[in-house]
Each structure stands twice: as C-alpha cells, then as structure tokens.
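Below you'll find the structure, written out as structure tokens, and then a few comments.
What follows draws every value from the coordinates through simple rules; no lab data is involved. These numbers were taken from a predicted model, which means no experiment stands behind them. Because the Cβ atoms are built from the backbone with ideal geometry, glycine has one as well, and the counts that use them run over all protein chains shown.
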Amino acid sequence: MFDRGILNLLKKLNSKGYEVYLVGGVVRDTLLGKECHDYDACTNATPTQIKEVYKDYQIFSYGEKFGTIGINYEGSLIEITTFRSEDGYVDNRHPREVRFDATLESDVLRRDFSVNAIAYDVKNDKIIDLVGGIKDLNAGIIRCVGIPHDRFVEDSLRIFRAIRFSAKLNFKIEEETKIAIFKDYKLLKNISKERLTEEVCKIATGGIENIIEEYYELFKYLIPELNGINVGLLRLNTNELLYKLVILFSDVTNLDKAINNFRFPNVLANRIKSVIRNNDLITNNDLVNTRILLHKMGLDYYKDLNGYHKLIGLSYTNIDVLNKAIDLGYENSMLAVNGRNVKVATCFDGKEIKDAIEEVFSEVVKGNLENNQDVIKDYLFNKYGKANYLKKKIEVLKKLTNIFNKYNASFSIGASAMLYFRGIVDYFGDLDLSVSKEDYEIVKEEIDKLATNPHLKWGYIYNFKIDNIDIDLVVKEDNALKICDLEYNLDNYIIHLESLDYWYKRYYELERFNRCEQIKKYLGGKNEFSSNN
C-alpha cells in the first residue's frame with residue numbers, strides 16, 4: 001500500500017524503540033486510491049533523537065523549532081515531526097508555545113480535518129482512525145477536527161485549506177465547518193500574502209470550478225476588485241495555472257491592484273496581465289498579422305495568448321504559421337532603424353519611440369514601407385518629426401518673448417519661420433531672429449541662463465541652443481523692427497514678422513529662386529510688395 005523503501009526507512013525509529021506513524025495526505029490519498037509522493041510521519045522521538053537515528057542521511061533542520069526534521073531519501077524529502085501540543089496562537093497562524101510531550105492521540109486532535117488525521121502504524125501495519133476520518137472519506141466530507149471555530153482561530157489558513165481539499169477531492173464541506181468558514185473568513189487578513197498565494201494557486205489548478213460559486217464570497221474578500229467569474233471557462237479542459245488564473249482575474253475592476261493582492265512571481269504576474277490585456281487581439285493564420293503581433297508582444301507572451309485563444313475556442317495561429325513567422329523575423333533587429341534613429345527623426349522619448357517602432361515594423365511587414373534607413377527616417381520625420389520640432393520651437397519662441405517683454409525689448413522673426421507663420425511653408429528649420437544691439441545687451445544675461453552653448457559668434461550673428469533648438473540671433477545697429485510689416489498673435493504672444501518684400505529681395509540675392517516663387521504664389525499676383533526683380 002505504501003512505498004516499501006520509505007516504510008523501511010521509518011522502521012529505523014521502531015528499531016530504536018520509538019513509535020512512528022504515517023499521517024496526513026499520504027494516508028488520505030492512499031485510502032482514496034490516489035498516488036501521493038509527499039510522505040509525512042509523526043513520532044514520539046524528539047528532534048534530537050530523530051537526527052541521531054538518521055545521522056547517516058542528509059538532514060534538514062529548518063523546521064526543528066516546530067519539531068520537524070527532513071530526511072533526504074533517494075532524492076525525496078521525508079518529513080518526520082515529533083508528537084506535539086500547542087498553546088496560545090498569537091497571529092491566527094503560529095503557536096506561542098510548542099511542547100514535545102504529546103501522544104499520538106493529542107497530536108491527532110490538533111490537526112485540521114478528519115480526513116487528514118488518519119494515521120498508519122508503520123510497525124504494526126494498521127490504520128488508526130481516532131476522529132472518524134475514514135467515515136468522512138467514504139462520505140466525501142471535509143470536517144474540522146473538534147470545534148471548527150477553534151481550529152480557524154488557531155490557524156486561519158485552514159479556512160482556505162478546507163476549500164482547497166473540497167475543490168481537489170470534490171468533497172462537500174460539513175455544515176458546521178462551512179458555517180464557521182463564513183463566520184471567520186475575515187481572519188484571513190492575518191495570513192501573509194505569500195501563504196494565501198500558495199493556497200490560491202493550488203485551488204486554481206485543483207478543482208476551483210467545483211467550489212468557486214459556493215465560496216465566491218471568500219474570493220471576493222481576497223480580491224475586492226472581482227466582478228464575477230466565468231465558471232464555464234473554468235470548466236474547460238486545462239489544468240495550467242496561467243490559464244486558470246487568467247480566467248479568475250479576467251473580470252476585475254483594476255487588474256494591477258487585484259494581482260497585487262497576492263505575491264505571484266513577477267514573471268507569472270506579467271503573463272497573466274499580458275493575456276488579459278491583449279485578449280482582444282486577433283491571433284490567426286495570417287502570416288503578416290502573426291509577425292506584427294509577435295513584434296508587439298514578444299514570442300513568449302504571444303504563445304500564452306495564442307494558447308489561451310485555442311483553449312477558449314477563438315481563432316489561433318497553428319504551429320506551422322508560427323514557426324514561419326519566427327523564421328521570417330519579428331524583432332527590432334530586422335529593421336533598418338533603431339531607437340536612436342527614431343528619436344532623431346521624431347523627437348520622441350520613451351514609450352513614443354516604442355510605439356513608432358511598432359508602427360514602422362507593421363508598415364514594413366505589410367509592404368507599405370521599404371526597410372531602408374533613409375526611407376524610414378523620412379517617413380517618421382514627415383509624419384511626426386515636423387510637428388514635434390515645431391511644437392518645441394514655438395515653446396522656445398514663447399520663452400524668448402517673455403524675456404524680451406520683461407525688459408520692454410523686442411525682436412523680429414525672419415527667413416523660414418516668418419514664411420511658416422504667414423502660411424507659405426509648413427515647416428521651418430532654425431529660429432532666425434533679429435534684435436537691435438541695444439536690446440541685445442539688455443536681454444543677453446537672461447538668454448544666457450537658458451542657452452546650453454551660449455553665444456557662439458559668427459561676426460554679428462550669435463548662434464546658441466535653447467532646449468536643443470538652434471537659434472541664429474542677428475544683432476543690428478538699428479531697430480530690428482524696421483523691416484517688419486506684420487504683428488502675429490501666437491497664443492496671445494505678439495511676435496513681429498519681417499516683410500515679404502525684404503525677404504523676396506534677400507532670397508533673390510542669394511539665388512534661392514524657389515523661395516521667390518513660393519512668395520509669388522502666396523501673394524497670388526497681388527501687388528503687396530514692390531520689387532524691380
């Protein structure tokens with residue numbers, strides 16, 4: 001009935017005059033005809049005496065404080081615990097005092113449930129049932145040993161253990177024990193998140209569908225964000241922890257908070273969140289779609305989602321298509337650009353860069369965009385870069401306007417920025433500004449505070465950066481507004497634009513005839529400026 005080698009190991013205690021009994025799950029499951037690989041025994045030998053008997057074996061003393069000694073037997077851990085009595089539970093979990101002066105009977109009476117309190121006498125090869133455990137096994141009942149409330153006050157984790165055994169064995173919880181569970185379940189607040197997590201995981205893969213509706217109130221207490229359970233999905237043919245937990249947490253008001261009620265390993269917590277948050281994504285046998293989603297999610301997360309979709313009856317990617325998508329490539333390394341290229345082309349940071357790379361990957365895989373660095377950079381710059389650069393330049397322009405206004409000084413805007421604000425062009429490069437020498441001396445100190453490489457001088461032109469925006473400041477002997485003909489209201493900032501007449505002539509002198517044509521087209525033939533050219 002029990003492993004002969006382990007029985008011979010335990011009989012070493014008998015040979016030294018000690019009693020020893022198998023107890024707990026190994027006896028329960030064996031009587032139910034189930035396999036069990038966890039062997040627990042109890043004895044009247046003290047921890048010191050146990051260690052002496054097994055001095056030739058590898059010994060683990062981590063539980064010695066509570067009377068438990070672990071023995072390594074052919075790679076399996078056999079735990080042997082001294083008969084003990086306990087007194088004064090301080091936190092609904094740990095006894096204040098443990099005494100090694102008990103008998104088998106008193107040891108059994110402190111155990112949690114009758115089905116776990118059946119003992120097997122190793123020496124005499126017989127079952128010892130002092131609390132009606134066999135009767136409850138035959139009836140399919142989980143019953144506390146003694147008064148249920150007392151057992152739960154001693155160790156409130158037993159509340160969830162009762163539910164776990166009910167789920168695992170598909171047993172009913174006896175009525176008095178059930179009443180105590182609903183009366184005492186708030187004692188669970190005293191149990192560590194680590195221990196509750198362990199129990200929830202065991203229940204999730206051990207028949208949660210059998211008990212979740214009846215004991216939903218307890219789960220709701222542990223997961224206040226819970227907003228219902230799809231029991232039908234829980235009944236699907238899987239025992240994989242990830243998918244059971246995905247179903248459990250699928251309908252919560254705050255996923256992060258609900259997960260944080262427990263202490264799941266970070267990897268598992270992230271996998272649960274990924275499947276739930278990406279569940280609306282369509283997995284199928286479309287090769288392009290598969291590559292795009294692989295790029296977005298990564299291979300492991302994609303496999304999780306794909307497996308879940310298969311489980312619940314949604315479309316999914318078969319192994320041949322998935323392998324082909326992997327072979328064709330789905331990682332950033334296959335793109336002709338990297339994050340730095342994207343940052344330069346768009347002025348993006350952080351998640352914006354990630355989103356832009358996802359977009360580029362999608363367009364490349366769809367065949368809408370050539371996987372060429374220059375082509376991709378132009379695409380990003382035209383779609384995002386111009387707007388971002390303009391936004392930053394305008395913010396810098398407002399900062400400069402505040403400085404000049406503070407000192408009742410003024411400047412004018414020329415070249416392409418002037419054309420932009422008039423609506424002639426849709427983008428401009430550096431900020432070209434003009435200021436009188438007198439006003440420049442007034443504002444110079446304030447500008448120095450903002451500039452990152454203050455005042456590189458080319459003749460009468462000062463070049464510097466503010467917030468990484470290049471500025472060319474032309475210092476003139478006379479009033480810089482002399483060649484202005486328009487006051488432009490920029491979000492209630494008044495800026496002065498230099499005249500088209502002036503810049504038409506300057507462009508003509510510089511032989512930039514394309515600019516001259518743009519100005520002509522803008523004016524539409526109207527005689528709004530004079531020119532002999």
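Beyond a 32 Å Cα-Cα separation, which of these cross-linked pairs lie in this structure: K476/K520; K11/K186; K257/K324?
Values: K476/K520 28 Å; K11/K186 43 Å; K257/K324 38 Å.
Violating the 32 Å Cα-Cα cut-off are K11/K186; K257/K324.
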Taking Cα atoms only, Rg over Rh for segment 279-385 with Rh from the Kirkwood formula is 1.03
To the nearest 10 degrees, the tilt of helix 175-184 (Cα long axis) against the first principal axis of the alpha carbons of the chain is 40
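Multiply the residue separation of A139 and K399 by 0.36 nm, subtract the distance between their alpha-carbon atoms, and state the gained length in nm to one decimal. It would help to have the intermediate numbers written out before the result.
On the way: separation 260, 0.36 × 260 = 93.60 nm, distance 8.17 nm.
Extra length available between A139 and K399 comes to 85.4 nm.
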Unit Cα scatterers, Debye sum, segment 469-525: log10 I(q)/I(0) for q = 0.14, 0.19, 0.24 Å⁻¹: -0.52, -0.91, -1.13
Inter-part gap, Cα centre of segment 241-275 to Cα centre of segment 395-470, in whole angstrom, is 53
Reachable aspartates and glutamates from K406, Cα under 12 Å, same-chain residues fewer than 8 places away excluded? D439, E446
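Suppose R0 equals 45 Å; then what is the FRET efficiency for D150 and L281 from their Cβ-Cβ distance, rounded to the nearest 0.05?
Details: r = 51 Å, r/R0 = 1.14.
Computed FRET efficiency for D150 and L281 comes out at 0.30.
Give me the compactness ratio for the chain, meaning the Cα radius of gyration over 2.2 N^0.38 Å. Working shown, then result.
On the way: Rg = 38.7 Å, N = 533, 2.2 N^0.38 = 23.9 Å.
Scaled against compact globular proteins, the figure is 1.62.
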How large is log10 of I(q)/I(0) for segment 395-523 at q = 0.09, 0.15 Å⁻¹ when the intensity is taken from the Debye formula with one equal scatterer per alpha-carbon? -0.25, -0.70
Treating cross-link reach as a plain straight distance, find the lysines whose alpha-carbon is under 17 Å from the alpha-carbon of K310, omitting any fewer than eight places away in the same chain. K244
For the chain, take the longest principal axis of its alpha carbons; what is the angle in degrees between that and the long axis of helix 386-406, to the nearest 10 within 0 to 90? 70
Label point 7 Å beyond Cα of E194 along Cβ direction - residues of segment 264-281 with amide nitrogen under 13 Å: 264-265
How many nm separate the modelled label positions at I461 and L241, each set 7 Å beyond the Cα in the direction of the Cβ? 6.7
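In segment 4-266, what is the volume of the convex hull around the alpha carbon atoms, normalised per residue and reported in Å³?
On the way: hull volume 36.1 nm³, N = 263.
That works out to 137 Å³ per residue.
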Name the lysines eligible as straight-distance cross-link partners of K377: C-alpha to C-alpha under 21 Å, and not fewer than 8 places from it in the same chain. K296, K343, K351, K354, K366, K386, K391, K392, K393
